[in-house]
Amino acid sequence: MSIRLRLVLVVALTTAVLVAAGGFAFAASLSSGMRATLEDSLHRTASRVAAEVAAGKIALGSSRPSADPAWDGRVVQVLTTTGRVLFTTARAGVPSLLDRTVTAQSSRRRVVVEMDRASWRDPRLLLAEPLPGRRGHVLVVGASLDEVENAMVRARDAFLAAGPLVVVLAALGAWLLAGRALRPVEQLRAEADAISARLPDRRLAEPDTNDEIARLARTLNSLLDRLHGALTHQREFVAVASHELRTPLAVLQAELELASRPDRTEGDLRRTLDVLGPRVEQLVRLASDLLLLARGDQAALTLELRPQRLEPLVADALGPLCLVADARGVMLALDGDADVAATVDAGRFQQIVDNLVGNALEHAGGSALVEISIRGEATDAVLEVRDEGPGFPDDFLVRAFDRFTRADVARPRSGPGSGLGLAIVRLLVEAHGGTVTARNRGSGGASVTVRVPRYVAAVGAVPAAACGRRGPDHASVGCVGPVCTNERES
């Protein structure tokens, strides 16, 4: 059922209820008002009769109807408390208008009752009260209720005739008003339905009325912009991921085809395995990185957080990187504050270190040193990785942490890469509630700084690390070749 039809039904039902309630209220008010007017008229008649009895103009004692034309058509009786009629008009009749119970009550106070005798052609409203100056006498005056009932019938007929018409007119007005109000919404729906993958840049027309419809159009356009950006990003992600996967897969296919030839020797097969190993490792790493990013996009990334010192985590992560640094002639230097702690996932934090240091080694160029420092600030634990290479291009800094972005022109590379390292760093750092920034150093080289919320309470003992650890004499330790050597801080 459409909104328009539902709105019309609600308006029609509400109008019908209001008309019915208004009719009942009007009828009750009309009946009450007319009865009040009639009672006031009876009270005036009773005062007149009492005055004439006191003046002797009405003789009491005869039960025969009065022939006085002045009382013709009026209902008047004077009774004793025993019910004997002392005076009556022709319209009132000879029998007492009141029964004994009501007569006894009216001898003490004023009583208003409604009577409907079978001998009467209409219901009557009677007012009975003690007759002034006449102890034990009751004065009764009455009037027909025909006018009241006729007025009620006319009011009922009017409401029965006009009520449905009012409901129909209200429903028709609601139908037209709803159609006019919903027309811009229908136009927005039609425009939104026309947007397809072939017209991804098309947007909805925004009315200049600055009302709810205009705000809805702006909100939908904003949503379309985000969806378009997400779709574009997804397409780029798939395209670049496919490109990154194609090269190692093509190498694997070619090497496997060569290895399957019957003339291949054992030495040829060993060389094939030497080629395939790094390619398989590259594929496994790329698949893991893509899976990690996908989990981050779906908010399915889980962390095992606990308070711990950062220096041993960083030292353990630097251990496997010592051999890589040695092979490239680069020294890794760790300068860490042993008291700095944070609530982190140890494995994921070491992955942050691995990606940052690996990225620095990959783009180190001819530099001979990569520095890793850990320090504590007021509310943050800070990890910084600095190299002495050519640094980031200025236009690359704003997208350094985007996926599949690489500064290949300005920062020479020592090996294949997917451009996911810094993107993964940002994902993991933000999952820890921190921030990561990149900048170029004034003295040359690049610097990437990670900030996570600092844990200020005491934590457990610092475990030993194989390489890159801080010794008991608080010396700065670095990796030169495959062995660990201490270099005193100046």
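The values are calculated or read from the model by the stated rules, or taken from the named source; none is laboratory data. Bear in mind that the values here come from a model prediction, so they are computed numbers and not experimental data. Note that each Cβ is placed from the backbone with ideal geometry, even for glycine, and that neighbours are counted across all protein chains shown.
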Within region 75-123, which residues are modelled with pLDDT of 80 or more and basic (Lys, Arg)? ARG84, ARG91, ARG100, ARG108, ARG109, ARG110
Any strands (runs of 3 or more DSSP E) falling wholly within region 303-406 and containing at least 3 residues that are over 40 Å from the mean Cα position of the chain (by Cα): 331-336, 369-376, 380-387
The conditions are (1) assigned to a loop (DSSP other than H, G, I, E, B); (2) in contact with a strand residue (DSSP E or B) (Cβ under 9 Å, 6 or more places away or on another chain); (3) surrounded by fewer than 19 Cβ atoms within 10 Å (Cβ to Cβ), and VAL113 fails exactly one of them. Which is it? (1)
Go through the residues of region 64-85 one by one and say whether even a single one is surrounded by 12 or more Cβ atoms within 10 Å (Cβ to Cβ), in a loop (DSSP other than H, G, I, E, B) and hydrophobic (A, V, I, L, M, F, W, C). no
Which residues, counting only those in region 53-62, are surrounded by 14 or more Cβ atoms within 10 Å (Cβ to Cβ) and over 11 Å from LEU139 (Cα atoms)? ILE58, LEU60
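Results for (1) at positive phi; (2) at pLDDT 80 or above; (3) of a type outside the set (S, T, N, Q), shown as yes or no for each residue.
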site: THR247; (1), (2), (3): no, no, no
site: ARG261; (1), (2), (3): no, yes, yes
site: GLY267; (1), (2), (3): no, yes, yes
site: GLY277; (1), (2), (3): no, no, yes
site: VAL284; (1), (2), (3): no, no, yes
site: ASP289; (1), (2), (3): no, no, yes
Look at GLY478 and say whether it is farther than 30 Å from ARG279 by Cβ, modelled with pLDDT under 60 and in the same structural domain as GLU362 (by TED's automatic domain parsing). yes
Going residue by residue through region 144-160, is there one that turns out to be aromatic (Phe, Trp, Tyr), at pLDDT 80 or above and touching a Gly at 6+ places or on another chain (Cβ under 7 Å)? yes
Can you run down the residue pairs with Cβ atoms below 7 Å, 6 or more apart or on separate chains, where the first is in region 143-162 and within 23 Å of LEU97 (Cβ to Cβ) and the partner is surrounded by 14 or more Cβ atoms within 10 Å (Cβ to Cβ) and of a type in the set (Lys, Arg)? ALA143/ARG124; SER144/ARG124; LEU145/ARG124; VAL148/ARG35
Against the definition (of a type in the set (A, V, I, L, M, F, W, C) and touching a Pro at 6+ places or on another chain (Cβ under 6 Å)), how does ALA28 come out, yes or no? no
